[in-house]
1. Hey, can you tell me all the residues within the range B:145-172 that are surrounded by fewer than 21 Cβ atoms within 10 Å (Cβ to Cβ) and in contact with a Leu (Cβ under 8 Å, 6 or more places away or on another chain)?
2. Assess whether B:Asn108 counts as being in the same structural domain as B:Pro41 (by the TED database) and of a type in the set (S, T, N, Q).
3. Kindly indicate whether A:Val90 is modelled with pLDDT under 95, aliphatic (A, V, I, L, M) and in a strand (DSSP E or B).
4. Taking B:Thr350 as the residue in question, decide whether it is within 14 Å of chain A (Cβ to nearest Cβ), touching a residue at least 24 places away in the same chain (Cβ under 8 Å) and not in a loop (DSSP other than H, G, I, E, B).
5. In the range A:22-52, how many are touching a Gly at 6+ places or on another chain (Cβ under 9 Å) and not polar (S, T, N, Q)?
6. Looking only at the range B:274-299, which residues are more than 21 Å from the chain's Cα centre (by Cα) and more than 14 Å from every other protein chain (Cβ to nearest Cβ)?
7. Tell me which residues, restricted to the range A:223-245, are of a type in the set (D, E, K, R) and more than 10 Å from chain B (Cβ to nearest Cβ).
8. Would you please list the contacts, defined by Cβ atoms under 7 Å and residues six or more apart or on different chains, that run from a residue in the range A:272-285 that is part of a helix (DSSP H, G or I) to a residue that is among the polar types (S, T, N, Q) and modelled with pLDDT under 95?
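The values are calculated or read from the model by the stated rules, or taken from the named source; none is laboratory data. A quick note: this is a predicted structure, and the numbers were derived from the prediction, not measured. Cβ sites come from the backbone with ideal geometry, for glycine too, and all protein chains shown count toward neighbours.
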Amino acid sequence: MSLLTDLLNLDLSDCTGKIIAEYIWVGGTGMDVRSKARTLPGPVDDPSKLPNWNFDGSSTGQATGDDSEVILRPQAIFRDPFRKGNNILVKSITSFRQVICDCYSPTGEPIPSNKRYNAERIFSHPDVKAEEPWYGIEQEYTLLQKDTNWPIGWPLGGYPGPQGPYYCAAGADKSYGRDIVDAHYKACLYAGINIGGINAEVMPGQWEFQVGPSVGIAAGDQLWAARYILERITEIAGVVVSFDPKPIPGEWNGAGAHVNYSTKSMRSEGGYELIKKAIKKLEARHMEHIAAYGEGNERRLTGRHETADINTFTWGVANRGASVRVGRDTEKEGKGYFEDRRPSSNMDPYVVTSMIAETTVLCNSNLSNGSK
Amino acid sequence: MALLTDLLNLDLSGSTEKIIAEYIWIGGSGMDLRSKARTLPGPVSDPSKLPKWNYDGSSTGQAPGEDSEVILYPQAIFKDPFRRGNNILVMCDCYTPAGEPIPTNKRNAAAKIFSNPAVAAEEPWYGIEQEYTLLQKDINWPLGWPVGGFPGPQGPYYCSIGAEKSFGRDIVDSHYKACLFAGINISGINGEVMPGQWEFQVGPSVGISAGDQVWVARYILERITEIAGVVVTFDPKPIPGDWNGAGAHTNYSTESMRKDGGFEVIVAAVEKLKLRHKEHIAAYGEGNERRLTGKHETADIHTFSWGVANRGASIRVGRETEQNGKGYFEDRRPASNMDPYVVTAMIADTTLLWKP
């Protein structure tokens, strides 16, 4: 197929100023990423200069056939690692009707069209902005063989040897799919995503990448773009990616999306006290957070396999069996960040990051249900 | 095959001025694309400066054996994305030696409509959404579908990504860049509702160039599927049952529709199209009755309807057009195997020239 590769790698900058923009959005299930491309007359680096677009919402469970147009509004630009050149990926949000005012319907309700919009309202609250919330998200995922949906590297109709040898391993009998992981790493760096690292996980065929530290709403944008690039790469590799929190029941680790978090105050002198206060607020809203931390999480948060039981809130220094873990460095220096280990791999990063900010910065310590 | 690729990619500009021109025409079925190449002494950018040529019409069902020469008139030039350099693709139409368009030549009649002063003054713009299905070679079953079976029902595939949902992206993405290279006004691509089905859009193009660009885009697509070892079909309903068909929705506007007050002009035009529904349907592609059932985002073939943002209607007007009071509308009736010369000219004819 060398000629096909020549065409795919055509550098168009010699013959046209036009670029290709791939608009990306989250579909009706909340986890299906969709995209389509359009030609633009020249390079763009500012999302506000990109045109709005629209798509057939009746084909993604987001609208009915007789009123099917859903608007796509560009929010963040990344360089396209597949088309390269000046071509771009555009992370967009969906909304119904052209938004002309402050996103409220005639009856005064906010349009419930997308999670990012709600997260942005929290992140633009002056108290939250002043605290400059940083997020480091550890996205775990499992690679599956196409057609059988059994983890890659696992024998068909059987199981590999028990967990132990696989975490951060090398070797053809222990590490499966490294090409995908390494291609993803470079592609994300190319795209301008703040990917902090990668590692192989405890369950064979399971991997993790980290995005961050990102400020506020950028954490969600970057994680969704990174997930998009990952699934495009697995598509090329002929492999399926799963964000299910417990892909294989039994003595096999689940997949999470631990969220590391800090605010300006936590990063400054005396921050450790604020961290402890913040954790107490999270404890008071444990059930509300759990409800928003991903579907199927009860299969993962059992209290075993480095998780805390879903019904109990605990925290501790260097404790991987707790809901929230504080690093030894943070304890020693009296400032730093903490890790919320509860979110599952299929969590929505807009929901989780904004909820943590809302609970720890905006909620009153004495209220158990808090609100803006 | 390293040596073959070296030869295919030879940059001849270092050794000769000569260029290769691939002449493309439409064959006797009205859907089969044909082409052959010739050497020219130097670069050409104006179709009127290209020599006429001819071919054996008895081998394409377009002439009898005893009087087989069909003459090729060059009409549009595009850069050749396969040979690159100064080499070109040349879209042609077909004439008898006496200079008459042969019966399968639809471009000639379309060009006459577009040069009518009443039409030319309105500068008709077209955006054509060409859908198509990729099939596994030899068995003609859609790409990515299990042999002897079916994939899970429609839902996950539209604009999707992932090895279990999206089949053939290499073909689609290389086609996108190849068309941009060639100078075709390709405005976008997307994965369609049925797995293995895709769409690209060409436009906005003015008048006769819409047809030229769509035909050359189809040519480039089939050349690419040839490289990929996959078959492309423009059949409007490749798989019967609960699987979407393939269309060639045609978006259209005139100068008056694009100006203030244009929405009224659009409504009037749509009413005229309603009066000629049967004539249009007859020219909108073979086999369309298998696709236009009223289900799967189509309108029933016997009924004419229109609506804002309504994908179940014959004609759809976008919300933006309604809001702005001007813009364009989408004729959703043409099948994927329509002839763009016929459809674009007919829409112009009915809305601008025809009197009810």
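1. The answer is B:Asp170, and nothing else.
2. no
3. For A:Val90, the condition - modelled with pLDDT under 95, aliphatic (A, V, I, L, M) and in a strand (DSSP E or B) - is not met.
4. no
5. The initial filter retains those residues of the range A:22-52 that are touching a Gly at 6+ places or on another chain (Cβ under 9 Å), namely A:27-29, A:32-39, A:41-43.
Restricting the remaining residues to those that are not polar (S, T, N, Q) gives A:27-28, A:32-34, A:36-38, A:41-43.
Of the residues in that region, 11 qualify.
6. Selection gives B:Lys274, B:Leu275, B:Arg276, B:His277, B:Lys278.
7. Step one: filter the range A:223-245 for residues of a type in the set (D, E, K, R), giving A:227, A:231-232, A:235, A:244.
The answer is A:Asp244, and nothing else.
8. Within 7 Å, the pairs are A:Lys277/A:Ser365; A:Lys280/A:Ser365; A:Lys281/A:Ser365; A:Ala284/A:Ser368.
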